[in-house]
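The values are calculated or read from the model by the stated rules, or taken from the named source; none is laboratory data. Just so we're clear, the structure is a prediction, and the values are computed from it rather than from any experiment. Heads up, the Cβs are rebuilt from the backbone with ideal geometry, glycines too, and the neighbour counts pull from every protein chain shown.
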Amino acid sequence: MTPLKVIITEHAQKRLQEERQGGVTLEDIQSAAHSIPGRIPSATRFRGFVSWSGRSFDLVAKDTKLGRLVITIIGR
């Protein structure tokens, strides 16, 4: 089995610069995306992740032929 490739959209990367997502890093997103079991055929919101800094966040992801696409990040 090949390792899952996580692709973070430009939009999601820009969201990390906003105050609401403060403390969430690319590594936190990678870890959260890898922790989701199974296949995600359509864009789905996953809730309840916690960054290394303690910030709670959700992410919207979908599996594509290239890997797991992280569409956006929603801080809380």
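Just the residues that are among the aromatic types (F, W, Y) and either under 12 Å from the mean Cα position of the chain (by Cα) or surrounded by 15 or more Cβ atoms within 10 Å (Cβ to Cβ) (or both), please, taken from region 23-53.
Residues satisfying the conditions are F46, F49.
Residue by residue through region 53-76, note down the ones that are under 17 Å from R15 (Cα atoms), out of contact with any Phe, Trp or Tyr (no Cβ under 8 Å at 6 or more places or on another chain) and outside any strand (DSSP E or B). Outline the logic, then answer.
So the first thing to find is which residues in region 53-76 are under 17 Å from R15 (Cα atoms), and the list is 53, 55-61, 69-76.
Keeping just the survivors that are out of contact with any Phe, Trp or Tyr (no Cβ under 8 Å at 6 or more places or on another chain) gives 53, 55, 69-72.
If the condition is that a residue be under 17 Å from R15 (Cα atoms), out of contact with any Phe, Trp or Tyr (no Cβ under 8 Å at 6 or more places or on another chain) and outside any strand (DSSP E or B), then S53, R55 are the ones that fit.
Just a yes or no: is a residue in region 7-23 among the aliphatic types (A, V, I, L, M), modelled with pLDDT of 95 or more and in contact with a Lys or Arg (Cβ under 6 Å, 6 or more places away or on another chain)?
no
Could you say whether any residue in region 5-22 is hydroxyl-bearing (S, T, Y), in a loop (DSSP other than H, G, I, E, B), touching a residue at least 40 places away in the same chain (Cβ under 8 Å) and surrounded by 12 or more Cβ atoms within 10 Å (Cβ to Cβ)? Talk me through it step by step, then tell me what you get.
Looking only at region 5-22, we keep the residues that are hydroxyl-bearing (S, T, Y), and these are 9.
Among the residues that remain, those that are also in a loop (DSSP other than H, G, I, E, B) are: 9.
The next check asks that each one be touching a residue at least 40 places away in the same chain (Cβ under 8 Å); those that pass are 9.
Then keep just the ones that are surrounded by 12 or more Cβ atoms within 10 Å (Cβ to Cβ); that gives 9.
Within region 5-22, one or more residues are hydroxyl-bearing (S, T, Y), in a loop (DSSP other than H, G, I, E, B), touching a residue at least 40 places away in the same chain (Cβ under 8 Å) and surrounded by 12 or more Cβ atoms within 10 Å (Cβ to Cβ).
Return the total of residues in region 54-69 being in contact (Cβ under 8 Å) with a residue 12 or more places away in the chain and either under 10 Å from T44 (Cα atoms) or over 10 Å from the mean Cα position of the chain (by Cα) (or both). First the steps, then the outcome.
We begin by selecting, within region 54-69, every residue in contact (Cβ under 8 Å) with a residue 12 or more places away in the chain; these are 54-64, 66-69.
Subsequent filtering for residues that are either under 10 Å from T44 (Cα atoms) or over 10 Å from the mean Cα position of the chain (by Cα) (or both) retains 54-56, 59-64, 66-67.
Within region 54-69, residues that are in contact (Cβ under 8 Å) with a residue 12 or more places away in the chain and either under 10 Å from T44 (Cα atoms) or over 10 Å from the mean Cα position of the chain (by Cα) (or both) number 11.
Among (1) at pLDDT 95 or above; (2) assigned to a loop (DSSP other than H, G, I, E, B); (3) on the phi > 0 side of the Ramachandran plot, there is one condition G48 misses while meeting the rest; what is its number?
Looking at each condition in turn, G48 falls short on (2).
Do you know which residues across region 30-51 are touching a helix residue (DSSP H, G or I) at 6+ places or on another chain (Cβ under 7 Å) and either more than 15 Å from T72 (Cβ to Cβ) or not aromatic (F, W, Y) (or both)? Please lay out each step first, then the result.
Going through region 30-51, the residues touching a helix residue (DSSP H, G or I) at 6+ places or on another chain (Cβ under 7 Å) turn out to be 49, 51.
Hit for region 30-51 is S51, nothing else.
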